[in-house]
Amino acid sequence: MSGTAPHPQGHKAFPTAPRPLSPEALLNEEERGRILAKSALFAPPEAKLPDGRTDLVGLSREELAAEMVAMGEKPFRAKQLWHWIYHQGERDFSRMSTIAKPFQQKLAERFVIGRPEIGTEQTSNDGTRKWLFRFRDAQQVETVYIPEDDRGSVCISTQVGCTLSCSFCHTGTQKLVRNLGAAEIVGQFMAARDSYGEWPTPKGGGEDDDGRRLSNIVVMGMGEPLYNYEAVRKALTIVMDHEGIALSRRRITLSTSGVVPVMDICGQELGVNLAVSLHAVRNDLRDVLVPLNRKYPIEELLAACRRYPGVSNARRITFEYVMLRGVNDSAAEARELARLLKDIPAKVNLIPFNPWPGNDYQTSKPETIREFSEILLAAGISSPVRRPRGRDILAACGQLKTASERERRA
Ligand code: SF4
């Protein structure tokens, strides 16, 4: 939450007016510009088919209205289409009953309502479902649905590969190929909804989404979302729009490994929940586990967390902490973690390491994880241990993609 009032039901398209950035954040203005320029170097291909038709998914409301005007239509057509695309989940213009037949045909000649193609789909015994989605240029990313007792999260990717090489992460072994476009990011969630038949969006959307399986989004898949911020912003703005998918920002969590200058802007513009991949309490160790730490060390990262808008006891920052045996799991480190987080409304997710071939880390012993968690709890910090999910499928992020590429090469 960006400190403004919660988004009222029936309110129009999302972005609230950005508030001025804090003085500390402004110091980072130049660097933020540099990061945004660099992300443009890895831009996705144009959202067009070889036959020249344009994909309407991923266009902002304004862009959609401009397309309608270019066809000689009234801008209100964009509102109609938005409803069909993002509320009803309809992909076939001829089934859009509020649109006259001749106009349906004109639309079909110029546009498509795209989805990523399903390369692979695996469903685990515990209900976790994982897709390898393929885009028009044959690049692939992973998306995972994780059911829980009272909700279900779709974990979406934002880049093909990743630049950051976190040493415990399988995706970090894949070099960055390119950023995903807004259509490809929002398309993963739409394709997941197709898979579970969860269209249309309930009337009112947002907090009325209780009881649905795909109730939440975590931007935690392949890639560092804040290194592809413009496309992420556009995609999440579409997802939060109250006349479409209408997922409240409280149901969206963005996870970063700590791109400090963009954390500020993300907090101001999107106000979604924040998760931070922390994984270590000392800079020398975090430099190894999360090499981005050499650029934005723990002190700067935690300062950015303290100024993240809307953080409160009701809306805590989640710190992800992968439990690596003998590396970062001592009682002393748990106490240091409690000390570091003492003035931040925080929750710590303890994640037993999910081993993958070619990596030497081992997961911490269950009793070590328990002790670590109890030390945090005694300091007043909630520290649930994440249950390993999808053990019977290739569940470590990036594994499915590597397996598929190996198969293709063979
Ligand atoms: S943990 Fe995230 S940021 Fe680090 S290498 Fe993996 S995908 Fe990239």
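Hey, among Val281, Val276, which residue is outside any helix (DSSP H, G or I), surrounded by 19 or more Cβ atoms within 10 Å (Cβ to Cβ), within 16 Å of the ligand (Cβ to nearest atom) and at pLDDT 95 or above?
Val276
If you filter segment 130-163 down to residues that are surrounded by fewer than 19 Cβ atoms within 10 Å (Cβ to Cβ) and part of a strand (DSSP E or B), you find that the one that is nearest to the ligand (Cβ to nearest atom) is Arg134. Here Arg286 fulfils each of the conditions (1) within 16 Å of the ligand (Cβ to nearest atom); (2) touching a residue at least 60 places away in the same chain (Cβ under 8 Å) apart from (2).
Working only within segment 178-195, note down all residues that are small (Gly, Ala, Ser) and either without any contact (Cβ under 8 Å) to a residue 12 or more places away in the chain or within 14 Å of Ile238 (Cβ to Cβ) (or both). Correct list: Gly181, Ala182, Ala183, Gly187. Do we have any residue at all in segment 274-290 that's within 17 Å of Ser39 (Cβ to Cβ) and acidic (Asp, Glu)? Checked segment 274-290: no residue is within 17 Å of Ser39 (Cβ to Cβ) and acidic (Asp, Glu). Taken over segment 168-185, residues that are in a loop (DSSP other than H, G, I, E, B), farther than 19 Å from Ala403 by Cα and either within 14 Å of the ligand (Cβ to nearest atom) or touching a Phe, Trp or Tyr at 6+ places or on another chain (Cβ under 8 Å) (or both) amount to 1.
The set of residues from segment 212-230 being in a loop (DSSP other than H, G, I, E, B) and within 16 Å of the ligand (Cβ to nearest atom) comprises Met220, Gly221, Met222, Gly223, Glu224, Asn228. Within the option set Gly114, Gly72, Gly127, Gly119, being part of a loop (DSSP other than H, G, I, E, B), closer than 30 Å to Ala40 by Cα and more than 16 Å from the ligand (Cβ to nearest atom) holds for one residue only, Gly114.
The values are calculated or read from the model by the stated rules, or taken from the named source; none is laboratory data. As the structure is a prediction and not an experimental result, all values here were calculated from the model. Reconstructed Cβ throughout: ideal geometry from the backbone, glycine too, with neighbour counts over all protein chains shown.
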